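Peer 1: What follows is a single structure, and I will ask about it in a moment.
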Amino acid sequence: MVFGKLFGKKKKAETPVTDSIPDDWNRADQKPAVAADGPSSVCFENHDKTHECASGVTILEVAIAAGIDLNHYCGGMASCGSCMVTVVSGEVSELDDMEEATLDVVLEDERDRLGCQCRVLGPVTIIVPPQD
Ligand code: FES
């Protein structure tokens, strides 16, 4: 472990990941609005939980509201890939360039999406991989 000795071990955050998004965080300000309206839902298949939400919100926002642990180390900026989920079924927003660039690095399954970028456009079923 030469790198471990040179650079030290990474410390785990003491603050729960779901508490690390600032109150005024709003990724919607930084990307074009998604044409979506009305109620929707996300079924977290491997948690046996379905959470109602508004269409147009991100999967990460729904996960936080539902109390599902979903990492988001970069704060939803599409740069870390820690919020990756597998979309099993349902209608979600298209990939944008930023999400596609990050997925090029971290993609494990063709259905994988970044929870912080992927917006719910109808009832959706997802799988959240095991979190750190
Ligand atoms: S939170 Fe970092 S890519 Fe989604």
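None of the figures in this text is laboratory data; all of them are computed from the coordinates on show. Computed from a predicted model, the values in this text were never measured in an experiment. In this analysis, Cβ positions are derived from the backbone assuming ideal geometry, glycine residues included, and neighbour counts consider all displayed protein chains.
Peer 1: Would you work out the relative contact order for region 77-132, in percent, from Cα pairs under 8 angstrom that are 6 or more residues apart? Could you put the intermediate results ahead of the total?
Peer 2: Working: 84 pairs, mean separation 30.0, N = 56.
The value is 54 percent.
Peer 1: Can I ask one more? Take the Cα pairs of region 41-132, get the Kirkwood Rh, then feed it into Stokes-Einstein at 20 °C and 1.002 mPa s and tell me D in µm²/s. All intermediate terms of the calculation are to be shown ahead of the outcome.
Peer 2: On the way: Rh = 12.7 Å.
This corresponds to a translational diffusion coefficient of 169 µm²/s.
Peer 1: Near residue 40, within a Cβ-to-Cβ distance under 13 Å, what is the net charge of the other residues, with Lys and Arg +1 and Asp and Glu -1? Display every interim value, and only then the final one.
Peer 2: Numbers: positive: 119; negative: 37, 52, 61, 91.
Every neighbour counted, the sum reads -3.
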